[in-house]
């Protein structure tokens, strides 16, 4: 029975429930603020002098939030008030509100913004609230002039912030608490259903009797991948929120730790199984017989049960049924042909992935003597550092300052300062509306400046127009016009989920409508709407101009630079693959760096795709997407290599025999050939990618050609070897190294035939996984070579690109210097 439509239907219902729940909580929080500021007692309305900022605080804190997010938001708002309001009291008392002018107000706001944004560890929400408070405090003080009270005016801003935060807490508690742990549990349930369905499809494809069925099943499994990844990202995004729910969560049986990392491992294994089935060249699979298929079917139920338990257990996995597991692998070994061929490696790797799931708990890294010594040394170092408690406390504090924060702080400072200056010049009464959008939209990292500014402007206009229409419809019922916001909250919740508007556009749309319908004493709605749209445009324009001036490097250029860094990190990771106890730890550390580089590359690619071309060369999005895909696959392959090396490390301690060492040494020698083949190609791609202009290289080469003593035949051959991963000219060498590795693998099987059966399974599957993954890395490096060549050709359309020739000329120029 095909359960894919049912899963998709469940996902659609889940999206509806999530959006409606978010809209309800946001509406409830805004209703609480509106009730207090519009109809509340006088002593409250007198203190909450800026209800507009109460609404802004609500949107910043409660959007798509859970109780844990809101509790964290309370602390962040308090910290933001200390950063924004407290210094403002001192500044206004020293300067005097009557002395403020357009320029001095802009300067004071810019300096205060720089101080707020500069610390590295301060949370983004805290910075946004603090910047919003700074804009309100100083600009309103300038507008009111001598009437402003230097102490009570900032206190009123703090009270407005407090009302917004209290409303958020109440909205997340009523009518029942919205807990992150419950949301994670629901998403885990959906993800496990998704993963179980994909697992069933892949096992069914692996057991198929002909070639046509696996293709359909793999396609069906791939259609579920995107949904699984989105669910996984939502699970991981609630990690911090669940930490804030630990105390109340301990009283609830449903509270569990966030299983995001565990499920991420399962996702990687599923991708590995999918890759294995795709690379199977014949069906039925050669190593499967009828008995093994029956055992695999029985084992599948056990695997599915363990997969379902992954989201429910604090530990990784419960112990598997050892009897069933051993029976399956004993049947596998008795059915294994005397010689393992290349066509058997995908199926062996598929079974290795199944074993990873089954042994996820028991295969946790064991402490070897070297590891124990390292841990002991680390403990001694920790004792020595106890005297540096104050320095550690400083390094972990939210006010840690880093040099790399100087430029983002300067950008924000100038953007906000110019927005306030030009906003006040245009309209003194509405000048703060130009700075407020810039303040509350501060980003933690680079973003697509033009796209984000565009969707913020569109969202603001949409929300403002809706607010004006709502005021027109409810013109005679001013006290209940706030009700018209409910459908807009629902619409904006879906708007935030859309690819076109996203979070920035959806939040801008909400704020635009709320500030119209939830306000009073701001004049006629039409005049206020026009003034706010113009001021918002002024603020966003200033932000764009400052970003262009202080962030001149385009995302396309940064993507190219980041690609070289990623290739360098990949080279280091692949070069650290050896069959030895020390190599695995080095590989794992370098893999972490590689994953971060690939993630960063993906961010630059996304930004460059929506970046306007102007007079620049268009960004080759398709080529970079291919590179990102190949690099991600290589990361997965290397992760599996790391797991396989861990198994080999454990088993080699039990097989301390001369025959084992000799076979392992031969395997290491031949793996080195494959490793060097990959590394030489990656190094070539890295050097070619760093070339800024191929025409410049050609001119320099022609200029020095007479003085270069170069034997082109020999050098050309050398370059072919170094760039072999990008071409098919050296396939004979690759085949030789593959055949040699396969021969070593079969010798290792012969060594193990006299050993214990379970031990033999571990070694054979682990070594097969290493060989299969290294071959996969080699294939992906070829794909990277083709993409690099395509990219260089795109940048140099008038030149026939040959990577080997380019590398030869680079080598010649280096030697001639």
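The values are calculated or read from the model by the stated rules, or taken from the named source; none is laboratory data. Just so it is clear, the structure is predicted and the values come from calculations on it, not from any experiment. Here Cβ is always computed from backbone atoms with ideal geometry, including for glycine, and neighbour counts include all displayed protein chains.
Observations on the model:
- Residue within segment 621-630 that is modelled with pLDDT under 90 and not in a helix (DSSP H, G or I) present: no
- As a summary of the residue check, residue 752 satisfies the conditions (1) surrounded by fewer than 16 Cβ atoms within 10 Å (Cβ to Cβ); (2) modelled with pLDDT under 75 except for the one numbered (1).
- Residue within segment 212-220 that is outside the structural domain of residue 299 (by TED's automatic domain parsing), surrounded by fewer than 24 Cβ atoms within 10 Å (Cβ to Cβ) and part of a helix (DSSP H, G or I) present: no
- Of the residues making up segment 40-59, not one is modelled with pLDDT under 80 and outside any loop (DSSP other than H, G, I, E, B).
Okay, residues lined up against (1) assigned to a helix (DSSP H, G or I); (2) surrounded by 21 or more Cβ atoms within 10 Å (Cβ to Cβ); (3) modelled with pLDDT of 80 or more:
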site	(1), (2), (3)
430	no, yes, yes
438	yes, yes, yes
443	no, no, no
446	no, no, no
452	yes, yes, no
458	yes, no, yes
461	yes, no, yes
465	yes, no, yes
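- Test result for residue 513, in a helix (DSSP H, G or I), modelled with pLDDT under 80 and surrounded by 21 or more Cβ atoms within 10 Å (Cβ to Cβ): yes
- Test: residue in segment 159-171 that is surrounded by fewer than 20 Cβ atoms within 10 Å (Cβ to Cβ) and modelled with pLDDT under 90: no
- Boolean, residue 43 is more than 19 Å from residue 181 (Cβ to Cβ), in the same structural domain as residue 161 (by TED's automatic domain parsing) and either in contact with a strand residue (DSSP E or B) (Cβ under 7 Å, 6 or more places away or on another chain) or without any contact (Cβ under 8 Å) to a residue 40 or more places away in the chain (or both): yes
- Some residue of segment 141-149 being surrounded by 24 or more Cβ atoms within 10 Å (Cβ to Cβ) and within 21 Å of residue 48 (Cα to Cα): yes
Matching residues to (1) over 30 Å from residue 348 (Cα atoms); (2) over 20 Å from the mean Cα position of the chain (by Cα):
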{"residue": "577", "(1), (2)": "no, yes"}
{"residue": "587", "(1), (2)": "no, yes"}
{"residue": "605", "(1), (2)": "yes, no"}
{"residue": "615", "(1), (2)": "yes, yes"}
{"residue": "618", "(1), (2)": "yes, yes"}
{"residue": "640", "(1), (2)": "no, yes"}
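- Residue that is assigned by TED's automatic domain parsing to the domain that holds residue 426, within 27 Å of residue 240 (Cα to Cα) and surrounded by fewer than 19 Cβ atoms within 10 Å (Cβ to Cβ), where the choices are 58, 115, 62: 115
- Looking across segment 184-223, the residues that are in contact with a helix residue (DSSP H, G or I) (Cβ under 8 Å, 6 or more places away or on another chain) and farther than 17 Å from residue 271 by Cα come down to 184, 186, 187, 188, 190, 207, 208, 213.
- Selection over segment 771-817 of residues that are without any contact (Cβ under 8 Å) to a residue 24 or more places away in the chain and either crowded, with 23+ Cβ neighbours inside 10 Å or under 23 Å from residue 675 (Cα atoms) (or both) gives a count of 1.
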